[in-house]
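**Student:** Below is one structure. I have some questions about it.
The values are calculated or read from the model by the stated rules, or taken from the named source; none is laboratory data. In this text, all values refer to a predicted model and were calculated from it rather than measured experimentally. Every residue, glycine as well, gets a Cβ built from its backbone with ideal geometry; the counts of neighbours run over all protein chains shown. Just so you know, the surface numbers come from the protein's heavy atoms only, side chains and all, with ligands and any DNA or RNA stripped out. Shrake-Rupley method; radii C 1.70, N 1.55, O 1.52, S 1.80 Å.
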Amino acid sequence: MQEYIYPDNYVKLRYLENHDQDRAKQIIGSENALRNWTAFIYFQKGATLLYAGQENQNEKRPDLFEKDVICMDGGHDISGLLKQLYPIKKLGVLADSSYHVTASEELGAVVGEHKGIHTTERLIGIFSFEDKQGSIAVHLEDGMYQNLINGKMVEVKNGCVSLELCPVIIKG
């Protein structure tokens, strides 16, 4: 819908955290789900905002009016995941595509698909938000595909992928 009401060159800001809400770690709870939500935000069209210590999963809500030191102890450091997501975010298909998301309430997961408007490029993202495992349908031919996030191979069999706890982004 926004593609029709915003100017052609708009860039939407995507985020999990900001100064108006509790930390994502407090709301989401599980480490795996938080990694999936982070990858999902990167998978969306637009710019990704990382807010004041989010890369270390800070739990304290920042204060705009008091000095607020960001904890950088590395105890919950997800900067490795962010480094893996950054080159994916730079793929042209994320900016110039038609985008569709299908949710599985049963599995607490979503499958997103970017189809290039001016190219034949496709990108499929599979994100598990509730730490459930099972089989989830994807619009891909059966075969082996490389997860662009961690380099591991993902098998599509009978039009389905085995839902894992880690996020998956593959070229289709």
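**Student:** Using the structure shown, decide if I136 is crowded, with 18+ Cβ neighbours inside 10 Å and either under 30 Å from Q21 (Cβ atoms) or in contact (Cβ under 8 Å) with a residue 12 or more places away in the chain (or both).
**Tutor:** Judged against the criteria, I136 is a match.
Conditions tested, residue by residue: (1) open to solvent by 10 Å² or more (accessible area, probe 1.4 Å); (2) closer than 25 Å to C160 by Cα; (3) assigned to a strand (DSSP E or B).
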site: M72; (1), (2), (3): yes, no, no
site: H76; (1), (2), (3): yes, no, no
site: S98; (1), (2), (3): yes, yes, yes
site: K115; (1), (2), (3): yes, yes, yes
site: F127; (1), (2), (3): no, yes, yes
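**Student:** For M153, all conditions in the list (1) open to solvent by less than 80 Å² (accessible area, probe 1.4 Å); (2) farther than 16 Å from F43 by Cβ; (3) modelled with pLDDT of 95 or more hold save one; what is the number of the exception?
**Tutor:** The failed condition is (1).
This table checks each residue for (1) open to solvent by 70 Å² or more (accessible area, probe 1.4 Å); (2) modelled with pLDDT under 95; (3) out of contact with any Ser or Thr (no Cβ under 9 Å at 6 or more places or on another chain).
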residue	(1), (2), (3)
K83	yes, yes, yes
E105	yes, yes, yes
G112	no, no, no
T119	yes, yes, no
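**Student:** Scan the stretch 136-171 for residues that are in a strand (DSSP E or B), within 19 Å of the chain's Cα centre (by Cα) and farther than 18 Å from Y86 by Cβ and jot them down.
**Tutor:** Within the stretch 136-171, I136, A137, Y145, M153, V154, V161, S162, L163 meet the criteria.
**Student:** Do we find that N36 is closer than 16 Å to V168 by Cβ and either assigned to a loop (DSSP other than H, G, I, E, B) or touching a His at 6+ places or on another chain (Cβ under 7 Å) (or both) in this structure?
**Tutor:** Against the criterion (closer than 16 Å to V168 by Cβ and either assigned to a loop (DSSP other than H, G, I, E, B) or touching a His at 6+ places or on another chain (Cβ under 7 Å) (or both)), N36 does not qualify.
**Student:** Follow-up. Can you tell me which residue among L107, L85 is in contact (Cβ under 8 Å) with a residue 24 or more places away in the chain, within 19 Å of A39 (Cα to Cα) and assigned to a helix (DSSP H, G or I)?
**Tutor:** L85 is the lone residue from the list that is in contact (Cβ under 8 Å) with a residue 24 or more places away in the chain, within 19 Å of A39 (Cα to Cα) and assigned to a helix (DSSP H, G or I).
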